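Take a look at the structure set out below.
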Amino acid sequence: MSAPTTEATGTWTASATGDGTTFASRSRRRWRTVRWALLVLVSLAALVALLAVLRPPTSTTPYDTGNTRDDGSRALAQVLARQGVTVQQVDRVADAVAAAGPGTTLLVPPSPYLLAQQAEALAGTEADVVVADAGHDLLDAVSAGRIGRAERGTTPPTPVPPDCELPAAVAAGASLLEPGLEALSDGVTTCWPGRMSNTAALATTEQDGRTVTAVHDAAFLRNGDVLTEGNAALALHLLGQHRRLVWLVQDPGDLSATDLDAPSGPGSPGESAGLADLLPPWFGAVAWWALLVAVVAALWRVRRLGPLVAEDLPVVVPAAESTRGRGRLYRRARSRGHAAAGLRAAAAARVAHRLGLPRSADRATVVDAVVRATGGDPHTVTDLLYGPPPADDVALTELARRLDTLESEVHRP
Amino acid sequence: MVLTWRAVVLAALGAVPVALWPVPGVVLVWALVVVGVCCLDVALAASPRQVALQRSVPTAVRLGTPVDSRLVVTNAARRRLRAVVRDAWPPSLAAEAHDAGRRAHDDPAAPVRAARHTVDLAPGDAVRLRTPLLPTRRGDRSAGPVTVRTLGPLRVAGRQASIPVGGRLRVLPEFTARRHLPSRLARLREMDGRAAVQVRGEGTEFDSLREYVVGDDVRSIDWRATARRGDVVVRTWRPERDRRVVVVLDTGRTSAARIGTVDDGAVNVGGTRLEASVEAALLLGTLADRAGDRVQVLAYDRAVRARVAGASGPRLLPAMADALAAVEPVLLETDWTGLVGQVRARVSQRSLVVLLTSLDPAAVETGLLPVIDGLAETHQVVVAAVSDAEVAALGAGRESVEDVYDAAAAARGDLDRSAVAAVLRRHGAEVVEALPDELAPRLADTYLALKAAGRL
């Protein structure tokens, strides 16, 4: 025990080696801590893996050869493949152009994102082209302006005979395909005419030694409609002309074969698009590496050097709070009377104490004593100590100042 | 397992090969290199659990007095020990080395640098580490664990363990009021041997005879002794000794109020009312003991929190400091009836009972007033209260209208407290109310005045 005025004499000494744990005991404790969390994580992962395995790899993009839904085209692609046609699905126009050489069929299903330049690029291929529900640009480009879109027709109420010599149409027979194409010049064969004089559901023409076929209604490609009337026969005939079929299902972000597609280098037009080409080639790898470094830095900072040491702090009550609250209440209520009375009473009590008056002294005695001590005017002193409440805040401040002055005069020896 | 900044640098260096050959293989290889180096370093690091630690610290220290926690670290393993050792203590003891001595560690977000030591020990070697501490709060403090972070030879990664090593430090009250002690002791000596003019009364006893000097009261001339010695002799008196002084600290809710937020340079700025009471109790106890009175100290709210009785002389101050070190304010209304019962149980004859409390009107009216009569009948009661320096500052504010309203509120509060003090005085108690710094000397003065007047 030590005296508080001197340095401590006693000493507390304690020693320890290790914390009594072993590698095994720590491992057991850690295992007990994490095992439930681990179990939950593993079950979640297993569930996700199971779902991924059970779900066949299909697409949901319309006219995709892997899409098994009603708007997909898996049925047609599978049948074509079984018939010996190599179906190559591409999602970029540049790839389609590269793949569609002579002796292949290029199918362009409805492509709402196709740009005019891409349509030109498609028209420049040497493959036979089949376009389904094509837009003006594409139709114009591939048929060199010979086939045009009429205003939208309506699906015929009853199957319509082909009314042309095209083998595919003849094989298909009657059809419910919607007419909406018109021949703009000679050399165009039209099939399944609409009720309006010059519309047709299918139009085909020979151009630069290749066949360009346009079908207004893309229903014959879809899983849901491929069995309707002669759709299947039409599709197999049109798409099975050659051993290779290039099937373009355009990606919405595809800008290949346009000016917008910044060439990644001279001589390689139509290479990969987007921001990545503006950055140096090592950027991606370094970004991933930076992420890894950030993880290491986090691991470095996350482990603190020992736990925090806790200390009980006493509850502390600020004592002046109640006084401040009272002052604020006076202020909010504009209670100048109460405030002035408090200031005056305190000043009078101090002055009286100073002048040796008893606490019971009445105001006349106090005023007399003050006048004698300071030589002031009795009326002024009476007014100051016992006068009416001040009219406004300025008067209150003034009163406080004058009371201070009075006190200092009394206190002056 | 811990990593150091070197591991981050090693990982960051990998950016160069990755940038030169941006293929996944390089990323993978470098990642494996980093992981491998870290694992190797961890495997080669010494075990933090094979370090013998011995911590020694003084059992008690006065508040504000710098003290060291000494830690002997011995490498008990067969490997070289490269480690960072942290000797953890509670925040109110944490200190940072400074140009001139040390200062309290006041940024809770920053680590305490002075508590971290880098050691590099060969097998079997030991080193003595010194962690500076600066107690800023009264009470018992238990040390935290000693954390040992050992690093591998590359200092890239290592192992860490927090070893619980005992350690306890009792922070005694600062007792800054002891600077008032010499002057009060001088006054006490002056009272001894003084001619009985002013002090003759109930509480004085005959001391000695001495020759008359001009100025002595003729009434104190001892005529018999004068006749015997043929010289004019006066009787002298000294204050009666062996009176009982009971100092009672109220540790109830009013003692938790924070006062003295005005910074006067003391270590304990913003302390509670209890801190000022403890200072006053220590000064009064020491003074009364030197004056030959028997001192008892009691801290009470609804139960006895601390008690000192039977100690005197040089043992009294350590006993008081030790007993009052661990007293904390309790958020309970003080049981005044129980407190009076405690005082009655401890002293039977007339004593000086000093109540260190507050003059909060509501608390006094419901608590102290109903019992003060019973106490004042048998004892001389002194009610000593700490007033708030901040309220005093508010009372002097004249800067703006808001200040004047606050000053009015403070004046009203002063009036309320003076009224309470007047009521207590009517019931026979002495009332001392002073700012935290002044309470201890004022209470000592009141004690001396009572003693001089023989009212003990």
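The values are calculated or read from the model by the stated rules, or taken from the named source; none is laboratory data. Just so you know, these numbers come straight off a predicted model, no measurement behind them. Glycine gets a Cβ as well: all are built from the backbone with ideal geometry, and neighbour counts include every protein chain shown.
Key figures for this structure:
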| quantity | calculated |
| --- | --- |
| 2 or more residues acidic (Asp, Glu): qualifying helices (runs of 4 or more DSSP H) within region A:114-225 | A:136-142 |
| Scope region B:141-160; condition facing chain A (nearest Cβ under 10 Å) and either over 30 Å from B:Ala7 (Cα atoms) or surrounded by fewer than 20 Cβ atoms within 10 Å (Cβ to Cβ) (or both); matching residues | B:Arg141, B:Ser142, B:Ala143 |
| Qualifying residue in region B:65-82 (condition: crowded, with 16+ Cβ neighbours inside 10 Å, facing chain A (nearest Cβ under 7 Å) and among the hydroxyl-bearing types (Ser, Thr, Tyr)) | no |
| Selection status of A:Leu343, farther than 26 Å from B:Val391 by Cβ, within 8 Å of another protein chain (Cβ to nearest Cβ) and aliphatic (A, V, I, L, M) | no |
| Hits in region A:39-78 - residues which are aliphatic (A, V, I, L, M) and crowded, with 17+ Cβ neighbours inside 10 Å | A:Ala75, A:Leu76, A:Ala77 |
| Flag if A:Thr17 is surrounded by 12 or more Cβ atoms within 10 Å (Cβ to Cβ), of a type in the set (S, T, N, Q) and not assigned by TED's automatic domain parsing to the domain that holds A:Arg243 | yes |
| Of all residues making up region A:129-179, the number that are of a type in the set (Gly, Ala, Ser) and on the phi > 0 side of the Ramachandran plot | 3 |
| Given (1) over 21 Å from B:Leu284 (Cβ atoms); (2) touching a Leu at 6+ places or on another chain (Cβ under 9 Å); (3) at pLDDT below 90, index of the condition B:Ser387 fails | (1) |
| Selection within region B:161-173 - at the interface with chain A (Cβ under 8 Å from one of its Cβ atoms), crowded, with 20+ Cβ neighbours inside 10 Å and of a type outside the set (A, V, I, L, M, F, W, C) | B:Gly167, B:Pro173 |
| Hits in region B:351-370 - residues which are in contact with a Ser or Thr (Cβ under 6 Å, 6 or more places away or on another chain) and within 27 Å of B:Leu448 (Cβ to Cβ) | B:Leu356, B:Ser358 |
| Those residues of region B:283-297 which are aliphatic (A, V, I, L, M) and in contact with a helix residue (DSSP H, G or I) (Cβ under 6 Å, 6 or more places away or on another chain), in sequence order | B:Leu283, B:Leu284, B:Leu287, B:Ala291, B:Val295, B:Val297 |
| Subset of region A:156-214 [surrounded by 18 or more Cβ atoms within 10 Å (Cβ to Cβ), in contact (Cβ under 8 Å) with a residue 60 or more places away in the chain and hydroxyl-bearing (Ser, Thr, Tyr)] | A:Thr205, A:Thr213 |
| Helices (runs of 4 or more DSSP H) completely within region A:4-99 that count 3 or more residues being basic (Lys, Arg), more than 30 Å from B:Glu174 (Cβ to Cβ) and under 41 Å from the mean Cα position of the chain (by Cα) | A:23-54 |
| In region B:174-192, the residues that are more than 12 Å from chain A (Cβ to nearest Cβ), touching a residue at least 60 places away in the same chain (Cβ under 8 Å) and in contact with a strand residue (DSSP E or B) (Cβ under 9 Å, 6 or more places away or on another chain) | B:Leu188, B:Met191 |
| Test set (1) more than 9 Å from every other protein chain (Cβ to nearest Cβ); (2) basic (Lys, Arg); (3) not in a loop (DSSP other than H, G, I, E, B) - A:Arg334 fails condition number | (3) |
| A:Gly342, sole failed condition from (1) at pLDDT 90 or above; (2) under 30 Å from B:Thr136 (Cα atoms) | (2) |
| Odd one out for A:Pro314, checked against (1) under 19 Å from B:Leu415 (Cβ atoms); (2) part of a loop (DSSP other than H, G, I, E, B); (3) facing chain B (nearest Cβ under 7 Å) | (1) |
| Meets criteria (assigned to a helix (DSSP H, G or I) and touching a residue at least 40 places away in the same chain (Cβ under 8 Å)) for B:Ala362 | no |
| Those residues of region B:388-411 which are assigned to a helix (DSSP H, G or I), in contact (Cβ under 8 Å) with a residue 40 or more places away in the chain and within 7 Å of chain A (Cβ to nearest Cβ), in sequence order | B:Glu390 |
| Failed criterion for A:Leu329 (all others in (1) in contact (Cβ under 8 Å) with a residue 40 or more places away in the chain; (2) under 30 Å from B:Val330 (Cβ atoms) hold) | (1) |
| Close pairs (8 angstrom Cβ cut-off, 6 or more residues apart or separate chains): in the same structural domain as A:Ala391 (by TED's automatic domain parsing) and more than 17 Å from A:Ser408 (Cα to Cα) in region A:335-361, surrounded by fewer than 17 Cβ atoms within 10 Å (Cβ to Cβ) and among the charged types (D, E, K, R) anywhere | A:Arg336/A:Asp392 |
| Residue match in region A:352-359 (condition: at the interface with chain B (Cβ under 7 Å from one of its Cβ atoms) and at pLDDT 85 or above) | no |
| Matching residues, region A:298-318, being crowded, with 17+ Cβ neighbours inside 10 Å and among the aliphatic types (A, V, I, L, M) | A:Leu299, A:Leu305, A:Val309, A:Val317 |
| Among the residues listed as B:Arg344, B:Arg315, the single one being surrounded by fewer than 15 Cβ atoms within 10 Å (Cβ to Cβ), within 19 Å of the chain's Cα centre (by Cα) and either away from every other protein chain (no Cβ under 14 Å) or not in a loop (DSSP other than H, G, I, E, B) (or both) | B:Arg315 |
| Lone qualifier among A:Glu120, A:Glu126 - being in the same structural domain as A:Gln250 (by TED's automatic domain parsing), touching a residue at least 40 places away in the same chain (Cβ under 8 Å) and over 31 Å from the mean Cα position of the chain (by Cα) | A:Glu126 |
